[in-house]
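Only one structure is covered here, and it is reproduced in the block below.
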Amino acid sequence: MEYRLKPPLDAGAIGALRAGDTVVLDGTVWGIRDATLIRIFDRGEAPPADLHGAVLLHVAPNVRRSAAAPSGYEPTTVGTTTSMRMDRFTEPLLRQHGVRAIIGKGGLSDESSAALARYGGVYLAIVGGAASVETEQVEAIERVYWEDLMPECLWQFRVRGFGPLTVAMDSHGASIYRDVNARARERLAEIYERLDLGS
């Protein structure tokens, strides 16, 4: 199935999504990365914006100053980063702040998959190496919070037609990454068996 959604997202929208579905987003997506997450969870500072129902993008964008932009910045490159090193923040983002979706590359752990099922969230995979397309889909940087963490600030992006994104981990416990790994292990066992028979 294909869905075009506008954040913030509610439980109904998230519950309808299944692993393998395609999502395109219009509206607000929040750029976030290690430094902001560490400030929130390790240093105990409250987020400077309401993230309930939010879609987060794992990113530290390249930007330039612009007097014409609402935030004073416009994007030059918005390229998604690998999600796994921020894995430990997934469960508290969902539980404490009501985040509904995380966009990134490479997936998250089985523990995060369980948290997505427990709290009603999804992980949306984006195509790696597609930063030029992503950047064109960002209409504006509307706000920038915690600029002292540049470029790992909290970024409020306004996007249009952002995607396509693949539902890689859904709120029902399914994970494309887990399925691919299981199939790879099965194939590997078959290969080893054939090698043993041929020896």
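The values are calculated or read from the model by the stated rules, or taken from the named source; none is laboratory data. Because the structure is a prediction, the values reported are computed rather than measured. Reconstructed Cβ throughout: ideal geometry from the backbone, glycine too, with neighbour counts over all protein chains shown.
Among the residues of the stretch 45-71, how many are surrounded by 14 or more Cβ atoms within 10 Å (Cβ to Cβ), touching a Lys or Arg at 6+ places or on another chain (Cβ under 7 Å) and closer than 28 Å to MET84 by Cα?
6
With the checklist (1) more than 17 Å from the chain's Cα centre (by Cα); (2) touching a residue at least 24 places away in the same chain (Cβ under 8 Å); (3) surrounded by fewer than 22 Cβ atoms within 10 Å (Cβ to Cβ) in hand, flag the one item PRO75 doesn't pass.
Only one criterion is unmet by PRO75, namely (3).
Among the residues of the stretch 148-176, write down those that are free of Cβ contacts under 8 Å to residues at least 12 places away in the same chain and part of a loop (DSSP other than H, G, I, E, B). Write out each step before concluding.
Start the filter on the stretch 148-176 by keeping residues that are free of Cβ contacts under 8 Å to residues at least 12 places away in the same chain, which leaves 148, 150.
Within the stretch 148-176, just MET150 meets the criteria.
Considering ILE141, ILE102, which residue is more than 24 Å from ILE14 (Cβ to Cβ), of a type in the set (A, V, I, L, M, F, W, C) and either buried (at least 16 other Cβ atoms within 10 Å of the Cβ) or without any contact (Cβ under 8 Å) to a residue 24 or more places away in the chain (or both)? Before the answer, list the steps.
Numbers: ILE102 fails: more than 24 Å from ILE14 (Cβ to Cβ).
Answer to the selection: ILE141.
Which members of the stretch 28-43 meet the condition of being of a type outside the set (D, E, K, R), surrounded by fewer than 19 Cβ atoms within 10 Å (Cβ to Cβ) and over 15 Å from the mean Cα position of the chain (by Cα)? Show your work before the answer.
Residues of the stretch 28-43 of a type outside the set (D, E, K, R): 28-32, 35-38, 40-41.
Applying the additional criterion that residues be surrounded by fewer than 19 Cβ atoms within 10 Å (Cβ to Cβ) yields 28, 35, 38, 41.
Scanning the stretch 28-43 gives ALA35, ILE38, PHE41.
Give the stretch 7-28 a look and list any residue that's outside any loop (DSSP other than H, G, I, E, B), among the hydrophobic types (A, V, I, L, M, F, W, C) and under 19 Å from LEU108 (Cα atoms), or say none.
To start, the set of residues in the stretch 7-28 that are outside any loop (DSSP other than H, G, I, E, B) comprises 11-16, 22-28.
Next, only the ones that are among the hydrophobic types (A, V, I, L, M, F, W, C) stay: 11, 13-14, 16, 23-25.
ILE14, VAL23 - these are the residues of the stretch 7-28 that are outside any loop (DSSP other than H, G, I, E, B), among the hydrophobic types (A, V, I, L, M, F, W, C) and under 19 Å from LEU108 (Cα atoms).
Can you spot a residue in the stretch 61-76 that is over 25 Å from ALA140 (Cβ atoms) and hydrophobic (A, V, I, L, M, F, W, C)?
Restricting attention to the stretch 61-76, the residues satisfying the condition of being over 25 Å from ALA140 (Cβ atoms) are none.
Scanning the stretch 61-76 turns up no residue that is over 25 Å from ALA140 (Cβ atoms) and hydrophobic (A, V, I, L, M, F, W, C).
Could you look through the stretch 35-82, keep only residues that are out of contact with any Leu (no Cβ under 9 Å at 6 or more places or on another chain), charged (D, E, K, R) and outside any strand (DSSP E or B), and pick out the one that is nearest to VAL133 (Cα to Cα)?
The residue in question is ASP50.
Looking at the stretch 89-145, what strands (runs of 3 or more DSSP E) fall wholly within it and have at least 3 residues that are over 16 Å from LEU165 (Cβ atoms)?
Numbers: elements: 101-104, 122-125, 138-145.
By residue number, 138-145.
Restrict the check to the stretch 122-135 and report whether at least one residue is among the acidic types (Asp, Glu) and surrounded by 19 or more Cβ atoms within 10 Å (Cβ to Cβ). Full working, then the answer.
To start, the set of residues in the stretch 122-135 that are among the acidic types (Asp, Glu) comprises 134.
Remaining after also requiring surrounded by 19 or more Cβ atoms within 10 Å (Cβ to Cβ): 134.
Yes, the stretch 122-135 contains at least one residue that is among the acidic types (Asp, Glu) and surrounded by 19 or more Cβ atoms within 10 Å (Cβ to Cβ).
One line per residue, one yes/no per condition, for (1) in contact with a His (Cβ under 7 Å, 6 or more places away or on another chain); (2) over 30 Å from SER171 (Cβ atoms); (3) modelled with pLDDT of 95 or more:
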| position | (1), (2), (3) |
| --- | --- |
| PHE41 | no, no, yes |
| PRO47 | yes, no, yes |
| GLY53 | no, no, yes |
| LEU57 | no, no, yes |
| PRO61 | no, no, no |
| SER66 | no, yes, no |
| PRO70 | no, yes, no |
| THR77 | no, yes, no |
| THR80 | yes, no, no |
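Return yes when MET84 is surrounded by fewer than 16 Cβ atoms within 10 Å (Cβ to Cβ) and within 11 Å of the chain's Cα centre (by Cα) and no when it is not. Break it down stepwise before answering.
Working: surrounded by fewer than 16 Cβ atoms within 10 Å (Cβ to Cβ): yes; within 11 Å of the chain's Cα centre (by Cα): yes.
It is true that MET84 is surrounded by fewer than 16 Cβ atoms within 10 Å (Cβ to Cβ) and within 11 Å of the chain's Cα centre (by Cα).
Any residue in the stretch 177-184 that is within 18 Å of the chain's Cα centre (by Cα), outside any strand (DSSP E or B) and at pLDDT below 95? Reasoning before the result, please.
First, the residues of the stretch 177-184 that are within 18 Å of the chain's Cα centre (by Cα): 177-178.
Among the residues that remain, those that are also outside any strand (DSSP E or B) are: 177-178.
With at pLDDT below 95 added as a condition, the list becomes 177-178.
For the stretch 177-184, residues within 18 Å of the chain's Cα centre (by Cα), outside any strand (DSSP E or B) and at pLDDT below 95: present.
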